[in-house]
Every structure is written in structure tokens, then in C-alpha cells.
Amino acid sequence: MSAPSRPDPSTDELRATIALAVPVVLVQVGLMLMGVVDTLMVGHVSATMLAAVALGNLYFFTVSIFGMGTLMALDPIVAQAIGARDEESVARAMQRGLVLVVVMAAFTALLMAPAPLVLTAFRQPAEIVPDASRYVRISISGLLPFFAFVVLRQSLQAMGRVAPIVWTIVAANATNVALNWVLIFGHLGVEPLGVAGSAIATAISRWLMTLLLVVVSWKHVHPFLVPVRAEVWRRAPLWRMLKLGAPIGAQQTLEGAAFGAIGLLMGTIGIVPMAAHQIALSLAALTFMVPLGVASAAAVRVGRAIGAGDEARARGAIRAAYVCGIGFMAATAVVFLAFPVALARAFTGDASVVALAAVLIPVAGVFQVFDGAQAVGAGVLRGAGDTTVPFWLMLAAYWLLGVPVSVLLGFRTRLGAVGLWWGFVVSLSVVAVVLFARIVVVFKRELRRVVIDAH
């Protein structure tokens, strides 16, 4: 009589992935909302201030994304250590993450300091550069807690403790709204500060966000933060952690820069194409929050399975992540393809903008399926600790293929703005395919934990 077959872990992993991804998505949206609220509230003062805050917030995230991505080295290290029930490795990873926070904050602050020169060099409107630069420089004061929050968030996600993060984000956003109301408009006897008030409110909210997360999650993180381990200061493990995380930061920077480059190119065509581009991109960015959350969940689930030495569960986690990520994006793609005009009209009544946006939105419906697949693929590989090869693959796909194709179709054919967007389809589809191929290669080998404390 044959032994009973082991049940497929994919179903359990599907439930676990969804349970982890949903709160992660809420947290991601909450982080975005702080900048959106700043823009919306200051817009009630003047359109010039609105543009300045929007530009300043864009500059902040464009510059800080490398540091955020680098700190995601904690995903494979902590998740795999938890899977292996190696609490000392979790503690060392979290404490080293906080050391890297100081390094990343200092590096990012140096990039933010010359904001007036950079914005002027990129020919931004002269009337908004001073206020946008002021917003960026005030935001520097919130870098340290912003990056520390990333360390705590990634670690708690790896532990499966996401509720404290969600409640913290809700409190931080409520605080940001209240402080914006006081500081922007000058309520409660405070002098109205406009753009500066908006930046101060967000910086304070980021400090509160991190301190509150420490408090509400203290029982979970206390054993890993206290006492400070002597090995934390060793340069070799810190360097290995930086080498693991830097390609993640570079990947995310490359992707953001590619989308930013297409936006700048769109602006050279005209105001209507730029407005239509922003509408379609806003819709795509909103739906992308879901596969981004799934990617984080995949990094955790795959990492924990590898740490436990359970290859079957790791493969189950991969299947679950792809089902969730691609399944959601395929469903929303149907909406984009079926109702482009209605979606465009939700943003504007300008007939010319609606007409062009209604052409771009279906293209977004096509590329976002691949966008979801590449996000999931990157998350899976991050969970396995494979970060360097994906960086080179994404560099080639975005900048040696995707952007040139966009330029070719946008400026050498009659497609114009639509041609620029078909370049997205090319680059994202190639990234999705090559990352999946990389997963096949990686998971054919014997899976081993990421080594940080080599002896």
C-alpha cells in the first residue's frame, strides 16, 4: 500500500498570502495618502502652492526610494531567520537595519539639500521652485523616522504582525490632517505657514508614526531590540547586508526613473497628452498597490519557507503569489478595457483630455497585468535573497529596451503619446518574463538561507 501523498500547500499559502497582503496594501496606501493629503489641503490656498507641494513630494519620494528599497534587505534575512527559528539572527538583522537607517538618512539628505539647483536644472516653473525646495528641505527632518519605520514595518511583516502597522498608519494620517489644518491655514492662533506648514505637519507625523509603532509593537520587537548585540557593529555583516539591499533600492529607482522619464517626454508633446498621461498613470498606480502588497507577502512567505527548509511550501507560496497578483490585475484590466471613457471622465470634463486618456487607459489595462507579474516576481526573488541578477535584468529591460522603444514609437511614428505608453508594455512584459525565468533557475538549485554572519 502506497504512502498517502503530501497535500499541496498552495491552498494554505493562498490564504496566508491574502491575509498578509491585504493589510500590507492598506499600509502602502496610507503612506501614499500623507503626500496626497498635503497636496489636497494646501491646494485650497492656491494652485501655485498645490503645484509646489506636489513637486516637493515627488522629489522626496524619488530621492528616498533607494534608501527604502535598500532596507528591504530585511525581507529575506528576517523571514528566513524566522522560518529557521533563529531569533538571534532576527535581532542582529533588525539592529543592523537601524544602523543602516542612519547611513541611508544621511545619504538621502545630501541628495535633497540641493533641491533648488536640481529643480531649476530640470526647468520646473520658476514660481514654484522656492516653495517646492522649502517643502523638500523641511522634509529632511522626517527622514530618520521614515526609514526607521521601514525597518520596523519589514520586520513585523516578516513576523506576521501587521495589525500594529495598520493602526499606526491610520493614526499618523489622522495626525497629518489635523496638523495640516492648523499649520497650513493658521488655526488655533497659529500663524498660517502654507507650504512650510504642510511639510512640518508631515515631518511631525512621520516621527509620531515611528514612535507609535515602537510603542504598540513593543511586546513583539522588544526581544530583538534589547539588548544591543555586540556583533551589530561588525563591518563585514553590515557590508553584506548593504550589498543585498542596494540592488533592491536600485531596482525600484530604475523603475521609478523609467516612468518619470516617460512623463517628462510626454510633457514635451503637449499639455493635453501630459494630463491624459497623469490620469491613466494614477489609475494604474492605484491598482498597482495590490500586487505590491502581494509581492511583500511573497517575500515573507517564500523567505520563511526557505528558512524552514521546506521547498514544497516555498513553491506553493510562489504559485499563490502569482495567482493573487496576476488575478487581481487581470480583473482590473477588464475594467480598464471596458470603461475607459467613464474612468477618464471621473478625473476631468475636458473633452480632449478625456479622448486621449480613453486611449491610454486600455493600454494601461494591458501593461498592468505584466506590471503585477513583475512585482510578484521581484518579491519572490527578494524572499530568496536573490537581488543582484534581477537588478541587471531590470536595467536592461527598462533602459536598454523599454525607454528606447517608447521614444521610437512616440517620436518616430504617428502614435505619439500612445506610442510612449506601448513602450511600457514592452518593458514590463520583458521584465515579467525574465524575472519568472530567473525564479525557475533559482528554485531548481538547492535553496539556502542568506548568509550575513559568515565565520
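The values are calculated or read from the model by the stated rules, or taken from the named source; none is laboratory data. Here the structure is a predicted model, which is why all the values come from computation and not from measurement. So basically every Cβ, Gly included, is an ideal-geometry build from the backbone, and we count neighbours across all protein chains shown. Ligands, DNA and RNA are stripped out before the accessible areas are found, and what is left, the full protein with its side chains, is counted by its heavy atoms. Shrake-Rupley method; radii C 1.70, N 1.55, O 1.52, S 1.80 Å.
Can you pull out every residue in region 48-79 that is open to solvent by 40 Å² or more (accessible area, probe 1.4 Å) and of a type in the set (Phe, Trp, Tyr)?
Phe61, Phe66
Is it true that some residue in region 115-130 is part of a helix (DSSP H, G or I) and under 19 Å from the mean Cα position of the chain (by Cα)?
In the first step, residues of region 115-130 are kept if they are part of a helix (DSSP H, G or I); the result is 115-121, 129-130.
Okay, now just the ones that are also under 19 Å from the mean Cα position of the chain (by Cα), so none.
No, region 115-130 has no match at all.
For Ala358, state whether it is over 24 Å from Asp75 (Cβ atoms), open to solvent by 10 Å² or more (accessible area, probe 1.4 Å), more than 26 Å from the chain's Cα centre (by Cα) and modelled with pLDDT of 90 or more.
yes
Please indicate, with yes or no, whether at least one residue in region 136-146 is open to solvent by 60 Å² or more (accessible area, probe 1.4 Å), under 20 Å from the mean Cα position of the chain (by Cα) and either under 19 Å from Arg382 (Cα atoms) or not small (Gly, Ala, Ser) (or both). Show your work before the answer.
The initial filter retains those residues of region 136-146 that are open to solvent by 60 Å² or more (accessible area, probe 1.4 Å), namely 137, 141, 144.
Retained after the next criterion (residues that are under 20 Å from the mean Cα position of the chain (by Cα)): 144.
Filter once more, keeping what is either under 19 Å from Arg382 (Cα atoms) or not small (Gly, Ala, Ser) (or both): 144.
Within region 136-146, one or more residues are open to solvent by 60 Å² or more (accessible area, probe 1.4 Å), under 20 Å from the mean Cα position of the chain (by Cα) and either under 19 Å from Arg382 (Cα atoms) or not small (Gly, Ala, Ser) (or both).
A quick yes/no check of all residues on (1) part of a helix (DSSP H, G or I); (2) over 13 Å from His220 (Cβ atoms); (3) touching a Phe, Trp or Tyr at 6+ places or on another chain (Cβ under 9 Å); (4) touching a residue at least 24 places away in the same chain (Cβ under 8 Å):
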{"residue": "Ala132", "(1), (2), (3), (4)": "yes, yes, yes, yes"}
{"residue": "Tyr135", "(1), (2), (3), (4)": "yes, yes, yes, yes"}
{"residue": "Ile138", "(1), (2), (3), (4)": "yes, yes, no, yes"}
{"residue": "Ser141", "(1), (2), (3), (4)": "yes, yes, yes, yes"}
{"residue": "Val150", "(1), (2), (3), (4)": "yes, yes, no, yes"}
{"residue": "Arg153", "(1), (2), (3), (4)": "yes, no, no, yes"}
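Report whether or not Val45 is in contact (Cβ under 8 Å) with a residue 60 or more places away in the chain, touching a Ser or Thr at 6+ places or on another chain (Cβ under 8 Å), among the β-branched types (Val, Ile, Thr) and within 25 Å of Ser198 (Cα to Cα).
For Val45, the condition - in contact (Cβ under 8 Å) with a residue 60 or more places away in the chain, touching a Ser or Thr at 6+ places or on another chain (Cβ under 8 Å), among the β-branched types (Val, Ile, Thr) and within 25 Å of Ser198 (Cα to Cα) - is not met.
So how many residues does region 31-47 have that are surrounded by fewer than 18 Cβ atoms within 10 Å (Cβ to Cβ) and under 18 Å from the mean Cα position of the chain (by Cα)? So that I can check it myself, show each step before the final result.
At the first step, the residues of region 31-47 found to be surrounded by fewer than 18 Cβ atoms within 10 Å (Cβ to Cβ) are 32-33, 36, 40, 43-47.
Among the residues that remain, those that are also under 18 Å from the mean Cα position of the chain (by Cα) are: 32-33, 36.
Here the count works out to 3.
Among (1) open to solvent by 30 Å² or more (accessible area, probe 1.4 Å); (2) assigned to a helix (DSSP H, G or I), there is one condition Gly309 misses while meeting the rest; what is its number?
(2)
Looking for something more than 30 Å from Arg235 (Cα to Cα), open to solvent by 40 Å² or more (accessible area, probe 1.4 Å) and touching a helix residue (DSSP H, G or I) at 6+ places or on another chain (Cβ under 8 Å) - is there at least one such residue anywhere in region 102-121?
Yes: one or more hits.
Tell me which of these Ala172 doesn't satisfy, since it passes every other one: (1) open to solvent by 20 Å² or more (accessible area, probe 1.4 Å); (2) assigned to a helix (DSSP H, G or I).
(1)
Considering only region 368-455, give the helices (runs of 4 or more DSSP H) lying wholly within it that have at least 1 residues that are crowded, with 24+ Cβ neighbours inside 10 Å and among the hydrophobic types (A, V, I, L, M, F, W, C).
Fully inside region 368-455 and qualifying: 388-395, 417-442.
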